[in-house]
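A.B. asks: First, the structure itself, so that you have it in front of you.
The values are calculated or read from the model by the stated rules, or taken from the named source; none is laboratory data. What you see is a predicted model, and the numbers here were worked out from it, not measured in a lab. Using ideal geometry, Cβ is built from the backbone for each residue, glycine included, and neighbour counts are taken over all protein chains shown.
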Amino acid sequence: MGDATIIGSKWRLVEVGRVVLLQTGPSAGRLAAIVEIIDHKRALVDGPATEANPGGVTRQAVALADVLLTAIVIPKLPRASRSGALKAAWEKADVDSQWKASNWYKKRVQNERRKALTDFDRFKVLRLKKQRRFEERKALAKVKSSA
(Lines give C-alpha, C1' and ligand atoms only; values in the text may rest on other atoms or scores of the structure.)
Protein backbone atom coordinates (compact mmCIF):
# COMPACT_ATOMS: atom_id res chain seq x y z
CA MET A 1 0.00 0.00 0.00
CA GLY A 2 2.29 2.74 1.22
CA ASP A 3 2.71 4.99 4.15
CA ALA A 4 0.30 7.84 4.68
CA THR A 5 1.76 11.06 5.98
CA ILE A 6 -0.49 13.23 8.06
CA ILE A 7 0.35 16.90 8.15
CA GLY A 8 -1.36 19.11 10.72
CA SER A 9 -3.12 22.23 9.59
CA LYS A 10 -1.49 25.60 9.90
CA TRP A 11 -4.64 27.17 11.36
CA ARG A 12 -4.45 29.02 14.63
CA LEU A 13 -6.44 26.84 16.98
CA VAL A 14 -8.20 27.82 20.16
CA GLU A 15 -6.14 25.91 22.71
CA VAL A 16 -4.86 26.27 26.24
CA GLY A 17 -1.65 28.28 26.06
CA ARG A 18 -2.57 30.19 22.87
CA VAL A 19 -1.68 33.89 23.18
CA VAL A 20 -4.51 36.21 22.12
CA LEU A 21 -4.83 39.93 21.49
CA LEU A 22 -7.88 41.45 23.16
CA GLN A 23 -9.97 43.75 20.96
CA THR A 24 -12.61 45.14 23.32
CA GLY A 25 -13.00 46.27 26.89
CA PRO A 26 -10.58 48.04 29.20
CA SER A 27 -7.77 45.65 28.24
CA ALA A 28 -8.09 46.23 24.50
CA GLY A 29 -4.76 45.99 22.69
CA ARG A 30 -3.14 43.82 25.36
CA LEU A 31 -1.90 40.25 25.18
CA ALA A 32 -3.32 37.40 27.23
CA ALA A 33 -3.09 33.63 27.20
CA ILE A 34 -6.00 31.19 27.14
CA VAL A 35 -5.87 29.26 30.42
CA GLU A 36 -9.19 27.41 30.11
CA ILE A 37 -11.80 26.89 27.43
CA ILE A 38 -15.29 27.46 28.85
CA ASP A 39 -17.38 26.50 25.81
CA HIS A 40 -17.31 26.89 22.04
CA LYS A 41 -17.78 30.66 22.27
CA ARG A 42 -15.91 31.68 25.44
CA ALA A 43 -12.52 31.18 27.03
CA LEU A 44 -10.86 32.16 30.29
CA VAL A 45 -7.83 34.39 29.67
CA ASP A 46 -5.12 35.84 31.86
CA GLY A 47 -2.07 37.94 31.08
CA PRO A 48 0.85 38.96 33.29
CA ALA A 49 2.08 42.55 33.43
CA THR A 50 5.28 42.75 31.39
CA GLU A 51 7.20 45.33 29.39
CA ALA A 52 5.38 44.46 26.18
CA ASN A 53 2.09 44.06 28.04
CA PRO A 54 1.83 47.02 30.47
CA GLY A 55 -0.82 46.58 33.14
CA GLY A 56 -1.43 42.98 32.16
CA VAL A 57 -4.87 41.44 31.85
CA THR A 58 -6.93 40.34 34.83
CA ARG A 59 -8.32 36.82 34.67
CA GLN A 60 -11.63 37.02 32.87
CA ALA A 61 -13.97 35.17 30.57
CA VAL A 62 -13.98 36.62 27.06
CA ALA A 63 -15.94 35.82 23.95
CA LEU A 64 -13.76 34.34 21.25
CA ALA A 65 -15.30 36.85 18.85
CA ASP A 66 -13.63 39.62 20.88
CA VAL A 67 -10.07 38.28 20.63
CA LEU A 68 -7.56 37.74 17.83
CA LEU A 69 -5.54 34.54 17.94
CA THR A 70 -1.80 35.02 17.49
CA ALA A 71 0.64 32.42 16.22
CA ILE A 72 2.35 32.33 19.65
CA VAL A 73 1.65 29.33 21.90
CA ILE A 74 2.94 28.70 25.41
CA PRO A 75 3.86 25.00 25.24
CA LYS A 76 2.52 22.55 27.82
CA LEU A 77 0.62 25.13 29.87
CA PRO A 78 -1.56 23.22 32.35
CA ARG A 79 -5.31 23.79 32.18
CA ALA A 80 -6.61 26.43 34.61
CA SER A 81 -3.09 27.36 35.71
CA ARG A 82 -2.88 30.21 38.20
CA SER A 83 -1.37 33.61 37.54
CA GLY A 84 2.05 32.78 39.02
CA ALA A 85 2.44 29.62 36.95
CA LEU A 86 1.26 31.49 33.86
CA LYS A 87 3.81 34.27 34.41
CA ALA A 88 6.63 31.73 34.78
CA ALA A 89 5.55 29.88 31.62
CA TRP A 90 5.13 33.25 29.80
CA GLU A 91 8.71 34.21 30.62
CA LYS A 92 10.06 30.73 29.84
CA ALA A 93 8.37 30.78 26.41
CA ASP A 94 9.71 34.31 25.89
CA VAL A 95 6.34 35.53 24.61
CA ASP A 96 7.26 39.23 24.78
CA SER A 97 10.25 38.92 22.45
CA GLN A 98 8.27 36.69 20.06
CA TRP A 99 5.51 39.32 19.97
CA LYS A 100 7.96 42.18 19.42
CA ALA A 101 9.62 40.24 16.58
CA SER A 102 6.32 39.62 14.80
CA ASN A 103 5.26 41.65 11.78
CA TRP A 104 1.88 42.17 13.43
CA TYR A 105 3.46 44.09 16.33
CA LYS A 106 5.68 46.12 14.00
CA LYS A 107 2.67 47.11 11.89
CA ARG A 108 0.70 48.15 14.99
CA VAL A 109 3.59 50.33 16.18
CA GLN A 110 3.96 51.88 12.73
CA ASN A 111 0.22 52.66 12.55
CA GLU A 112 0.29 54.26 16.01
CA ARG A 113 3.30 56.35 14.99
CA ARG A 114 1.54 57.48 11.82
CA LYS A 115 -1.62 58.42 13.74
CA ALA A 116 0.48 60.63 16.02
CA LEU A 117 2.05 62.62 13.17
CA THR A 118 1.36 66.34 12.89
CA ASP A 119 0.81 68.16 9.61
CA PHE A 120 4.43 69.28 9.53
CA ASP A 121 5.63 65.71 10.18
CA ARG A 122 3.48 64.45 7.30
CA PHE A 123 4.99 67.18 5.09
CA LYS A 124 8.51 66.07 6.04
CA VAL A 125 7.63 62.47 5.19
CA LEU A 126 6.30 63.63 1.80
CA ARG A 127 9.55 65.49 1.06
CA LEU A 128 11.68 62.48 2.06
CA LYS A 129 9.62 60.18 -0.18
CA LYS A 130 10.12 62.61 -3.08
CA GLN A 131 13.88 62.64 -2.50
CA ARG A 132 14.03 58.86 -2.37
CA ARG A 133 11.96 58.53 -5.55
CA PHE A 134 14.23 61.04 -7.35
CA GLU A 135 17.37 59.10 -6.37
CA GLU A 136 15.82 55.78 -7.45
CA ARG A 137 14.79 57.17 -10.84
CA LYS A 138 18.24 58.72 -11.33
CA ALA A 139 19.91 55.38 -10.62
CA LEU A 140 17.46 53.56 -12.93
CA ALA A 141 18.15 56.06 -15.74
CA LYS A 142 21.88 55.53 -15.29
CA VAL A 143 21.47 51.75 -15.56
CA LYS A 144 19.24 52.08 -18.63
CA SER A 145 21.67 54.43 -20.40
CA SER A 146 24.64 52.12 -19.80
CA ALA A 147 22.78 49.06 -21.14
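A.B. asks: Considering only residues that are in a helix (DSSP H, G or I) and among the aliphatic types (A, V, I, L, M), which ones fall in region 107-125?
C.D. replies: Passing the criteria: Val109, Val125.
A.B. asks: Then there is this: Among (1) of a type in the set (Val, Ile, Thr); (2) at pLDDT below 95; (3) farther than 11 Å from Leu64 by Cα, there is one condition Val35 misses while meeting the rest; what is its number?
C.D. replies: Every listed condition holds for Val35 apart from (2).
A.B. asks: Additional query: Find the residue count for region 90-115, including only residues that are surrounded by fewer than 12 Cβ atoms within 10 Å (Cβ to Cβ) and among the polar types (S, T, N, Q).
C.D. replies: So the answer is 4.
A.B. asks: Another question, if that's okay. Check off (1) in a loop (DSSP other than H, G, I, E, B); (2) in the same structural domain as Ala89 (by TED's automatic domain parsing); (3) surrounded by fewer than 19 Cβ atoms within 10 Å (Cβ to Cβ) for Leu68 and give me the number that stays unchecked.
C.D. replies: Result: Leu68 passes all but (1).
A.B. asks: Can you tell me which residue among Arg18, Arg59 is touching a strand residue (DSSP E or B) at 6+ places or on another chain (Cβ under 6 Å), at negative phi and surrounded by fewer than 19 Cβ atoms within 10 Å (Cβ to Cβ)?
C.D. replies: It is Arg59.
A.B. asks: From the list Lys87, Lys130, pick out the single residue that is out of contact with any strand residue (DSSP E or B) (no Cβ under 7 Å at 6 or more places or on another chain), surrounded by 12 or more Cβ atoms within 10 Å (Cβ to Cβ) and assigned to a helix (DSSP H, G or I).
C.D. replies: Lys87
A.B. asks: Another one. Could you go through region 32-48 and let me know if any residue there is of a type outside the set (Gly, Ala, Ser), touching a Ser or Thr at 6+ places or on another chain (Cβ under 8 Å) and in a loop (DSSP other than H, G, I, E, B).
C.D. replies: Checking region 32-48: at least one residue is of a type outside the set (Gly, Ala, Ser), touching a Ser or Thr at 6+ places or on another chain (Cβ under 8 Å) and in a loop (DSSP other than H, G, I, E, B).
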